[in-house]
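Contents: one structure, followed by commentary.
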């Protein structure tokens, strides 16, 4: 009976100590924390967003000056646009589509890591539209 009591006492001590050891083990080695990181998105260079806005502004001015010029008796010299100045809804749709396409192409180039090409695309698009806008402005000024 003493032997049996001794076994019971030993079993109680061993099994009673197990939760203590487990708690100590958890404090010494906490479970690993799950950390999720995402790569930082490269921000656009400071020049690209203003080029987008500039292109849109130049397209708006070109649309306005083209419609106004044709109404004042000037002839549209761009064969691709032709008679669209007499149909403003179609002209504005074309202007919006070409602006969106230029920006989309520059964004695709940027995402495909052709950073310089994206900037050059927008600079060229703005340059072309700037030349067109300047020509339209001079034509409108000469008619007055």
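With a requirement of 1 or more residues that are touching a helix residue (DSSP H, G or I) at 6+ places or on another chain (Cβ under 8 Å), farther than 17 Å from residue 136 by Cα and modelled with pLDDT of 95 or more, the helices (runs of 4 or more DSSP H) lying completely within the range 1-120 that satisfy it span 48-71, 88-111.
Suppose the filter is surrounded by fewer than 19 Cβ atoms within 10 Å (Cβ to Cβ), over 11 Å from residue 55 (Cα atoms) and without any contact (Cβ under 8 Å) to a residue 60 or more places away in the chain; does residue 128 pass it?
no
For residue 73, the conditions (1) more than 16 Å from residue 49 (Cα to Cα); (2) free of Cβ contacts under 8 Å to residues at least 40 places away in the same chain all hold with the exception of (2).
The values are calculated or read from the model by the stated rules, or taken from the named source; none is laboratory data. If you're wondering where the values come from, they're calculated on a predicted model, not measured in any experiment. Note that each Cβ is placed from the backbone with ideal geometry, even for glycine, and that neighbours are counted across all protein chains shown.
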